[in-house]
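What follows is one structure encoded as structure tokens, with my remarks underneath.
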Amino acid sequence: MKPGRMVPGGMNMQAMMKQAQKLQAEMQKKQEELEKMEFTASAGGGVVTATVVKNQLTKLEIKPEAVDPDDVEMLTDLVLAAVNDALRQCEETSSREMQKLTGGMNLGF
């Protein structure tokens with residue numbers, strides 16, 4: 001087996017390419033897993049619950065006691081709080097999982 005061309009830092013170019021391909025495959029697999037994960041959050045003591053998948057609202061539950069025709073603003077605030085919390089969980093988990101794979105390198109994820 002012929003040794004590969006060395007790059008600055010003493011790493012074999014062929015080994016570096018294999019490592020990059022492996023990382024790319026792992027990142028693709030993790031991205032596919034993350035796209036299937038559900039994130040659920042609630043507000044108002046559980047009267048409003050939101051579920052997101054892949055940064056998209058997929059389910060919204062509103063219990064009857066949350067509906068007060070004289071206070072629609074409160075319901076709006078509860079919905080926004082639940083949806084935003086679920087979206088935040090999704091984003092934080094995605095970022096954390098990708099950083100685990102990249103060792104903290106900023107690759108634009």
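Odds and ends about this structure:
- Selection over the range 49-78 of residues that are among the hydroxyl-bearing types (S, T, Y) and touching a helix residue (DSSP H, G or I) at 6+ places or on another chain (Cβ under 8 Å) gives a count of 2.
- Any chance L60 is outside any helix (DSSP H, G or I) and either touching a residue at least 40 places away in the same chain (Cβ under 8 Å) or surrounded by 12 or more Cβ atoms within 10 Å (Cβ to Cβ) (or both): yes
- Checked against the criterion of being free of Cβ contacts under 8 Å to residues at least 24 places away in the same chain and within 10 Å of the chain's Cα centre (by Cα), the candidates E91, E35, E65, E97 yield just one match: E35.
- Taking the range 68-103 as the range and being loosely packed, with under 13 Cβ neighbours inside 10 Å and over 25 Å from K36 (Cβ atoms) as the test, the residues that pass are D68, P69, D70, D71, V72, E73, T76.
- Qualifying residue in the range 30-39 (condition: of a type in the set (A, V, I, L, M, F, W, C) and in a helix (DSSP H, G or I)): yes
- Qualifying residue in the range 5-20 (condition: under 24 Å from the mean Cα position of the chain (by Cα) and closer than 21 Å to Q89 by Cβ): no
- Only residues that are of a type in the set (S, T, N, Q) and exposed (fewer than 14 other Cβ atoms within 10 Å of the Cβ) were counted in the range 44-57, giving 2.
- Residue within the range 10-22 that is surrounded by 13 or more Cβ atoms within 10 Å (Cβ to Cβ), modelled with pLDDT under 95 and assigned to a loop (DSSP other than H, G, I, E, B) present: no
The values are calculated or read from the model by the stated rules, or taken from the named source; none is laboratory data. Keep in mind that what you see is a predicted model, and the values were worked out from it rather than measured. All Cβ positions, even for glycine, are placed from backbone atoms using ideal geometry, and neighbour counts span all protein chains on display.
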